[in-house]
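The values are calculated or read from the model by the stated rules, or taken from the named source; none is laboratory data. Please read all numbers here as calculations on a predicted model, not as lab measurements. Note that we place each Cβ from the backbone using ideal geometry, even for glycine, and neighbour counts take in every protein chain shown. Surface areas here come from the heavy atoms of the whole protein model, side chains and all, with no ligands, DNA or RNA. Shrake-Rupley method; radii C 1.70, N 1.55, O 1.52, S 1.80 Å.
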Amino acid sequence: MELLNSEGPILRAIKYNSNRYDIIDQYNLLVDILNEQELQDFVHSDREIVDSKKRKFKYSSFPSSMKPDLKLLNEFIGMDSTEKK
């Protein structure tokens, strides 16, 4: 799932199970491996992800136009759409 997109994916998550989400940057490089809680922290809290060019991404600092629908994202992570950390 594309987590951030600006004329192409900036950060993507590949879900293997609730204990593994690979985070891929726009250069198709693996930049982090998160569990469900860590991915929730990135989406709903202040956790940052650093890409392969050492740029820091804080999800809350990006406009909603660059993000997937929150309901779809929560379903992808495995959260109820009304649940928020």
Mind listing just one residue for me: the one in the range 52-72 that is small (Gly, Ala, Ser) and open to solvent by less than 90 Å² (accessible area, probe 1.4 Å) and, of those, nearest to residue 10 (Cα to Cα)?
52
Among the residues of the range 44-79, which ones are in contact with a helix residue (DSSP H, G or I) (Cβ under 9 Å, 6 or more places away or on another chain), without any contact (Cβ under 8 Å) to a residue 40 or more places away in the chain, in a loop (DSSP other than H, G, I, E, B) and over 22 Å from residue 27 (Cα atoms)?
46, 79
Take the range 1-32 and flag every residue that is in a strand (DSSP E or B), of a type in the set (A, V, I, L, M, F, W, C) and open to solvent by 80 Å² or more (accessible area, probe 1.4 Å).
30
Among residues belonging to the range 17-49 that are hydroxyl-bearing (Ser, Thr, Tyr) and within 20 Å of residue 70 (Cα to Cα), point out the one that is farthest from the chain's Cα centre (by Cα).
18
For the range 6-28 the number of residues that are free of Cβ contacts under 8 Å to residues at least 24 places away in the same chain and aliphatic (A, V, I, L, M) is 2
In the range 36-51, how many are over 17 Å from residue 14 (Cα atoms) and either of a type in the set (Val, Ile, Thr) or open to solvent by less than 50 Å² (accessible area, probe 1.4 Å) (or both)?
2
